[in-house]
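First comes the structure, then the notes that go with it.
Coordinate-derived values only; no laboratory data. Because the structure is predicted, anything quoted here is derived from the model rather than measured. As a convention, Cβ positions derive from the backbone with ideal geometry for all residues, glycine included, and neighbour counts pool all protein chains shown.
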Amino acid sequence: MNFSKRISYIAITAALGGLLFGFDTAVISGVITFVKSNFKLDTTLEGWLVSSGLLGCIIGVIITGILSDKIGRKKTLVISGFMFFISGIGCAFAPSFSMLVLARIIGGVGVGMASMISPMYIAEFAPADKRGRLIAYYQLAITIGILLAYFSNALVLSLSQNATGSGSLNLLLADPWRGMLLILCVPSVIFLLMLINMPESPRWLIAVNKKQEAIKILYQIRSKEKAEQELQDIEFAKKKSGNKSISVLKSSIRIPLLIGIVLAVLQQFSGINAIIYYGPSIFQSAGINSSNALLFQVILGAINLVFTFIAIAYADKYGRKLLLKVGLTGIVVSLIICGFLFYTNDTQGILLLILMLVYIACFAFSVGPVTWIIINEIFPTEVRAKGVAICTFALWVAVWLVGQFFPWLLERMGAAATFWTFAAFSLVNLVFSLTVVKETKGKTLEEMNEIFIAPH
Ligand code: BGC
């Protein structure tokens with residue numbers, strides 16, 4: 001395998017963690033109705049079914065922040081893969097609602113772990129001039145996972161409607177939600193198999209004084225000169241930091257921490273998950289019939305996937321900030337106009353559909369991938385795992401907050417005010433990106449120190 005093929009294999013395998021993340025978070029939208037009637041859930045328990053996954057995510061991020069420094073990046077990826085697998089089996093054969101919730105928490109731990117370790121692992125491997133593109137593959141994988149979940153839910157549902165056989169397959173098809181959740185095992189097994197051939201991150205190896213192993217791996221992924229140069233840079237950065245671990249709370253880490261946390265939270269406050277998951281019901285309430293609403297969800301998912309390619313093509317060429325500027329401007333404008341359509345009750349026409357598509361396209365090439373790119377490249381190796389964990393933790397808390405408050409906002413304040421609230425947060429994100437975020441394209445992870453870290 002030549003260098004670029006090897007790097008692509010590494011990035012694609014790690015990005016599969018993103019696919020599992022997307023799949024696991026999207027699959028639940030098709031499962032809820034069935035689980036609800038199966039276990040006769042009231043609205044509190046229904047809420048618990050969704051938030052139990054998020055609770056798992058938050059636990060997963062905390063575990064990964066500690067584990068990935070202690071046992072290494074690769075083993076942490078493997079553990080996340082197992083979490084998905086166990087969750088798939090556990091959900092499918094759950095004898096009671098409590099067991100189902102437990103299995104969902106385990107899956108959530110997998111999502112939380114993957115959402116942190118996959119992009120970080122890619123960042124540590126990527127050549128500086130391709131890092132943006134390679135981390136954007138991770139975002140692409142999330143969007144593929146979301147779309148796959150819609151299709152596999154639809155497939156299991158149609159199989160279950162035509163099922164006539166007996167035995168355990170029938171059990172899975174009699175309760176379609178069991179089959180829907182079991183499918184998670186397929187990508188997790190592929191992920192685990194692909195991980196077998198994956199090397200450990202050379203940056204982590206050097207951090208834990210395993211230089212010889214790191215050299216061996218660097219020679220597999222870079223030409224001799226580039227490998228030597230990179231080794232020198234990593235070691236130099238390590239010496240400069242005084243060989244002792246530095247704290248994330250140190251003043252010099254505060255700027256990257258501020259940038260990472262604000263971008264993570266504002267990514268979610270753009271309302272992305274509300275629009276992906278509640279978009280169809282917003283549409284229904286605007287008078288569009290339910291089968292079109294479902295088709296609309298698939299169209300949204302497909303646009304989300306396709307437009308990620310813009311980030312893949314341009315994150316390294318034109319930089320992260322330009323993508324943020326253009327994308328966030330599109331997001332703010334489309335959300336404001338959407339709000340006006342609801343305000344003036346003019347929601348029947350094609351314009352609302354077009355605006356939502358513009359919104360999702362803009363998210364897909366900017367805030368979606370760029371947030372993950374920046375979070376994973378701005379911290380020095382000694383604190384990367386902890387820094388990334390704090391930002392990813394903030395992101396999941398923000399996901400939870402939107403999930404809790406969006407239905408309330410919609411009911412109490414109406415759709416117009418809800419869209420304008422998301423627009424206001426995205427405007428703050430635009431101003432923040434223009435003024436505080438620093439351009440990181442083409443810089444090595446070691447050079448980030450100079451951009452972000454104020455002298456001690
Ligand atoms: C976000 C997810 C979102 C997804 C949609 C990711 O960047 O972190 O919350 O569901 O994009 O594509």
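Taking the convex hull of the alpha carbon positions in the range 201-258 and averaging its projected area over all directions gives 4.5 nm². Distance between the modelled labels on T33 and L295, one decimal in nanometres: 1.7 nm (7 Å Cα→Cβ projection).
The Rg/Rh ratio of the range 1-97, with both radii computed over alpha carbons and Rh defined as the Kirkwood radius, is 1.08.
Across the options Q404, S426, V367, the greatest Cα extent toward the positive end of the charge dipole of the range 365-453 (unit charges at beta carbon of Lys, Arg, Asp, Glu) belongs to Q404. Placing unit charges on C-beta atoms (Lys and Arg positive, Asp and Glu negative, everything else neutral), compute the dipole magnitude of the range 277-386 about its Cα centre in debye, rounded to 20. That gives a dipole near 260 debye.
Multiplying the residue separation of L351 and Y219 by 0.36 nm and subtracting their alpha-carbon distance yields 42.1 nm.
Across the range 371-456, counting alpha-carbon atoms alone, Rg and Dmax equal 16.8, 50 Å. On the principal axes of its alpha-carbon atoms, the chain has extents of 61, 55, 38 Å, going from largest to smallest.
Kirkwood Rh over Cα pairs of the range 116-243 into Stokes-Einstein at 37 °C, 0.692 mPa s: D in µm²/s? The calculation lands on 182 µm²/s.
Averaging 1/r over each pair of different alpha-carbon atoms in the range 86-181 and inverting the result gives 15.5 Å, the Kirkwood hydrodynamic radius. Taking 27 Å as the limit for the C-alpha separation, the pairs K250/K443; K239/K325; K211/K317; K240/K321; K5/K238; K240/K317 exceed it in the case of K239/K325; K211/K317; K240/K321; K5/K238; K240/K317. Translational diffusion of the range 268-354, estimated by Stokes-Einstein from the Kirkwood radius over alpha carbon pairs at 25 °C in a medium of 0.890 mPa s, is 171 µm² per second.
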